[in-house]
There are 2 protein chains.
Amino acid sequence: MPEQGKRGGRRARLAQRAAKPAFDPCPPGQIGGQYKPLTLPEIAAIHDTALRLLETLGMGEVPDRLAQDLIAAGARPGPPGRLVFPRSMVEGVVRQAAKRFTLHGRDPARSIEVGGDRVHFGTGGAAVQTLDLDSGLYRPSTLADLHDFSRLQDTLANVSWFTRCCVATDVPDNFDLDVNTAYALIRNTTKPVATSFTLAEHVAPIVRMLDIAAGGQGAFAERPFLKAHISPVISPLRYGEDAVDVVYECIAHNIPMSCITAAQAGATAPATMAGFLAQSLAETLASLVMVNAIKPGFPMVFSNWPFIIDLRTGAFSGGSGETAVLNAASAQITNWLGLPSGVACSMTDAKAIDAQYGAEKGITSLAAALAGGNLIYESSGMTASLLGVSFEGFVLDDEMHSHTYRALRGIEVTEENLGFDAICQSVLGEGHFLGSAHTHAAMERDYFYPALADRAEPRSWQDSGARDAWSTARDRAREILRTHHPQYLSPEQKAEIRANFRILS
Amino acid sequence: MPEQGKRGGRRARLAQRAAKPAFDPCPPGQIGGQYKPLTLPEIAAIHDTALRLLETLGMGEVPDRLAQDLIAAGARPGPPGRLVFPRSMVEGVVRQAAKRFTLHGRDPARSIEVGGDRVHFGTGGAAVQTLDLDSGLYRPSTLADLHDFSRLQDTLANVSWFTRCCVATDVPDNFDLDVNTAYALIRNTTKPVATSFTLAEHVAPIVRMLDIAAGGQGAFAERPFLKAHISPVISPLRYGEDAVDVVYECIAHNIPMSCITAAQAGATAPATMAGFLAQSLAETLASLVMVNAIKPGFPMVFSNWPFIIDLRTGAFSGGSGETAVLNAASAQITNWLGLPSGVACSMTDAKAIDAQYGAEKGITSLAAALAGGNLIYESSGMTASLLGVSFEGFVLDDEMHSHTYRALRGIEVTEENLGFDAICQSVLGEGHFLGSAHTHAAMERDYFYPALADRAEPRSWQDSGARDAWSTARDRAREILRTHHPQYLSPEQKAEIRANFRILS
């Protein structure tokens, strides 16, 4: 195992085991799709409108290199300055596109399969403010925060991949920022990770660093454990040149991508929800067409994130019924196309870790998960309409996701579980089910027992100090940060990276 | 309008109007059923097991009067001391049972239709502890609390009916308790209300009081605006004599009923979820068979509430993934039978009004609503595994329900909403959608704008005092309690009631 020193690896494994219960009745990757916000004719109408938009309006501001590749793949000139995509071209791309693929963890045991109806929660964000553990107030996020968040989440079973959750605002240079962000990820976790590249020319040097972590030149590309978050489409319906350049470079280095459409209802897309979904689908299809024009079948998470604007203020809002139903619908449409679906949920506008935080996260994450979103981004630790991120939030969200996964797991209807004989025996016998073997087995196998949630009755709660979830989570986050110091890079790897890059931590 | 003095009525109407926005984009009664936790074969297997339980084991401890009625309706002797119900008898009862009916408000504008796939949130509880507005701690609930909760909820549009949420623990006598509970309801609200009757002989006198409120003898029975919560089945699979007596008396006085099965997984019912649902369905069917044996077609809400036990402690737990999926499944099964479904969700084990409170309520209420639960009980204000109730909780839950209703309302897919032409116009024109007529119309019509939720960015939030939802809700609850003093009984009605009953408030 070249990627970790022997002692470090063992310590890390022990820490991981301690953080996860011996048996998890509802692990990540449960099956969604039981919630269908749209009927099939409604999906077909939205899909048809999206294809009409692509074949009539198409995409504007197409960079020259991309225009050549698109035209070679079947695109045609459309309205002045635009390329349009015939319906058959788009349908062909959907057919040939990657349907399922592996998001590799540097530790292969932590890899996840993307696609089908499996649901995984993970992060996405780019918060610029950290909710300070000591003051309970926000301050600019730092590189030290990013290291702390990375090792905190390393212990949380329900963060299935880790995209850098905050921006190190204390690193002014863009190249330093991208390098040090990637370093924080590989130093502190062996889960699948993800980041953004500010510019295409940052990709190659960072891959050299990832190669060092992977054990040698070319090793990263063989099992790429980092994916890129890119927004190559600017709503409405045009490409963004810098992001398109990053796409080319990621494909050249075999970095899988989440191509994210983040249109905003009423601002960069229609406020009517059906129209919003049609445009946003067209835009994410334009990303898929692009990726497949460059390299057919290249892995791309179809990340169609419907964003809501509070039209009273023009500000983005992440925690509402509109967000819930739109992201659920987006997941449903993408799964209907057979593509790996990425949505953004479990978001909140709350700044405090309070009842608003819980309700908005609970509603949006359950909706997206029940609808079968494969990768649910922004789902851990994010606060304040994605402007903020919180240590306490991370540990609370991890437990909330277990409840969601437990709901998704559903009800196993088998002869054994229906238990006709067990019921007859109990009713005609002791008159209750306590202590029976049938009960004990189910208790161990089927029920999730939260570690943080307070289930005491009021008096006991008051006797224990009348604490709220924020306070309980603060203690837990502090304990993890005090005790979990994983060593996922060997001293030699660290030295080689520091010799070649300006590592600021 | 005999039930309210002229000035009082106008004042009440003004208060009501002030509490509800001019236009509600997602009012109560949205359509559920988009979430189907069970497949049709799974429902059939659970249903079949329930019918087998009723025809094989049947019900124990059947009171004599009920036994006669049941035998007349087709029941037969079963195992010693038990009556069994042939499959055809139960299927016939389901066919003839009331499918849809009106829960009358004393104000007819506040009546609701129960049945189909319409979803309404309301209360159910019998909390014995109130979360004190001043101390933030729990203390025994009082009659004064019940009056305060009744007039508080009177302003909340998303409490569609009001079951007394707490028990006046300062009223020791059971008859006084039932009388004063009913009085608190009719004095403070004209919504549909509900209560429990400790004993059958309390029913007739209380109906006399309801007649006074309704405008004269016999007036209540013509449009009964109060329903009874009764648990006539004691799990597993036996009747409870006192509650059965109350059922007879309620039917005699035309009081519609919620017959509630509250089996506890692993204690009074199997811990395996499929077996639990089968037994609990059999038990609620036994209530339905009873009601229809006494009076065919009498309105009964099929209230199959799956309750979860934390098997580590034996305590009831209301806020979990298990609760979410089981209550959703219960709603789905009842709706499949075509009966009016009652489930219990939007519950929490939290004592504080905190992130745990929000997440548990968000997850359980969305699940039950998406599954189409017609009446979702316990959904407002309840805390502490139903042991507690909170003023702040009521106002926060009201806003949360709007998000849930907004999600339920779904996405209207029409040519107009798909907006192909509007998108083309914007893309080829200004390049955005801000300020267009299409956007303005949608903003007014399709989006819910919360009044309590904080959507400010972190700095503004901090500048305004870094408040949490508990604190914001406390202010709102206090303001309502200070200003909303409805007068739903005329001075003459109050005098007549006080002359005939020991009114303690």
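The values are calculated or read from the model by the stated rules, or taken from the named source; none is laboratory data. What you see is a predicted model; the values in this text were computed from it and never measured. Neighbour counts run over all protein chains shown; Cβ positions are idealised from the backbone, glycine included.
Can B:T39 be described as at pLDDT 95 or above, surrounded by fewer than 18 Cβ atoms within 10 Å (Cβ to Cβ), more than 30 Å from B:P450 (Cβ to Cβ) and not basic (K, R)?
On the way: at pLDDT 95 or above: yes; surrounded by fewer than 18 Cβ atoms within 10 Å (Cβ to Cβ): yes; more than 30 Å from B:P450 (Cβ to Cβ): yes; not basic (K, R): yes.
Yes.
What is the number of the single condition among (1) of a type in the set (K, R); (2) within 27 Å of B:P224 (Cα to Cα); (3) in contact with a strand residue (DSSP E or B) (Cβ under 8 Å, 6 or more places away or on another chain) that B:R139 does not meet?
All conditions are met except number (2).
Scan the range A:453-472 for residues that are within 30 Å of the chain's Cα centre (by Cα) and surrounded by fewer than 17 Cβ atoms within 10 Å (Cβ to Cβ) and jot them down.
Result: A:S471, single match.
Of everything in the range B:263-318, what is of a type in the set (S, T, Y), within 14 Å of another protein chain (Cβ to nearest Cβ) and either buried (at least 24 other Cβ atoms within 10 Å of the Cβ) or within 23 Å of B:E61 (Cα to Cα) (or both)? Give them in sequence order.
Correct list: B:T268, B:T272, B:S280, B:S317.
Give the residue, chosen from B:R87, B:R65, B:R82, that is more than 30 Å from B:A350 (Cβ to Cβ) and within 14 Å of chain A (Cβ to nearest Cβ).
None of the other options fit; the residue is B:R82.
Collect the residues in the range A:324-363 that are part of a loop (DSSP other than H, G, I, E, B) and at the interface with another protein chain (Cβ under 7 Å from one of its Cβ atoms), keeping them in residue-number order.
A:D349, A:A350, A:K351, A:A352, A:I353
Taking the range B:79-123 only, how many residues are in contact with a Ser or Thr (Cβ under 8 Å, 6 or more places away or on another chain), over 27 Å from B:Y239 (Cβ atoms) and either of a type outside the set (A, V, I, L, M, F, W, C) or modelled with pLDDT under 95 (or both)?
Within the range B:79-123, residues that are in contact with a Ser or Thr (Cβ under 8 Å, 6 or more places away or on another chain), over 27 Å from B:Y239 (Cβ atoms) and either of a type outside the set (A, V, I, L, M, F, W, C) or modelled with pLDDT under 95 (or both) number 9.
Residues that are aliphatic (A, V, I, L, M) and in a loop (DSSP other than H, G, I, E, B): does the range B:428-439 have at least one?
Checking the range B:428-439: at least one residue is aliphatic (A, V, I, L, M) and in a loop (DSSP other than H, G, I, E, B).
Which of the residues belonging to the range B:436-466 are more than 7 Å from chain A (Cβ to nearest Cβ) and touching a helix residue (DSSP H, G or I) at 6+ places or on another chain (Cβ under 8 Å)?
B:S436, B:P450, B:A451, B:L452
Looking at A:I497, A:I480, A:I423, can you tell me which residue is under 30 Å from B:P79 (Cα atoms), out of contact with any strand residue (DSSP E or B) (no Cβ under 7 Å at 6 or more places or on another chain), part of a helix (DSSP H, G or I) and of a type outside the set (G, A, S)?
After applying the criteria, what remains is A:I423.
Given the condition more than 8 Å from chain B (Cβ to nearest Cβ), out of contact with any strand residue (DSSP E or B) (no Cβ under 8 Å at 6 or more places or on another chain), surrounded by fewer than 17 Cβ atoms within 10 Å (Cβ to Cβ) and within 28 Å of B:I234 (Cβ to Cβ), answer yes or no: does some residue in the range A:393-413 qualify?
No, the conditions are met nowhere in the range A:393-413.
Output the qualifying pairs, or none if there are none: Cβ atoms under 6 angstrom, residues six or more apart or on different chains, first residue in the range A:199-217 and buried (at least 17 other Cβ atoms within 10 Å of the Cβ), second residue among the acidic types (D, E).
A:A200/A:D245; A:A200/A:E249; A:H202/A:D178; A:V203/A:E249; A:I212/A:E496; A:A213/A:E3
Hey, can you tell me all the residues within the range A:421-447 that are surrounded by 18 or more Cβ atoms within 10 Å (Cβ to Cβ) and among the hydrophobic types (A, V, I, L, M, F, W, C)?
A:A422, A:I423, A:V427, A:F433, A:A442, A:M443, listed by residue number.
Could you tell me which of the residues B:V171, B:V128, B:V167 is surrounded by fewer than 24 Cβ atoms within 10 Å (Cβ to Cβ), under 21 Å from the mean Cα position of the chain (by Cα) and in contact (Cβ under 8 Å) with a residue 60 or more places away in the chain?
Details: B:V171 fails: under 21 Å from the mean Cα position of the chain (by Cα); B:V167 fails: in contact (Cβ under 8 Å) with a residue 60 or more places away in the chain.
Answer to the check: B:V128.
How many of the residues in the range A:276-302 are in a helix (DSSP H, G or I), of a type outside the set (V, I, T) and in contact (Cβ under 8 Å) with a residue 60 or more places away in the chain?
Of the residues in that region, 11 qualify.
In the range A:473-485, is there at least one residue being crowded, with 21+ Cβ neighbours inside 10 Å and either touching a His at 6+ places or on another chain (Cβ under 8 Å) or at the interface with chain B (Cβ under 10 Å from one of its Cβ atoms) (or both)?
yes
Can you tell me which residue among B:L146, B:L133 is crowded, with 24+ Cβ neighbours inside 10 Å and touching a Lys or Arg at 6+ places or on another chain (Cβ under 7 Å)?
B:L146
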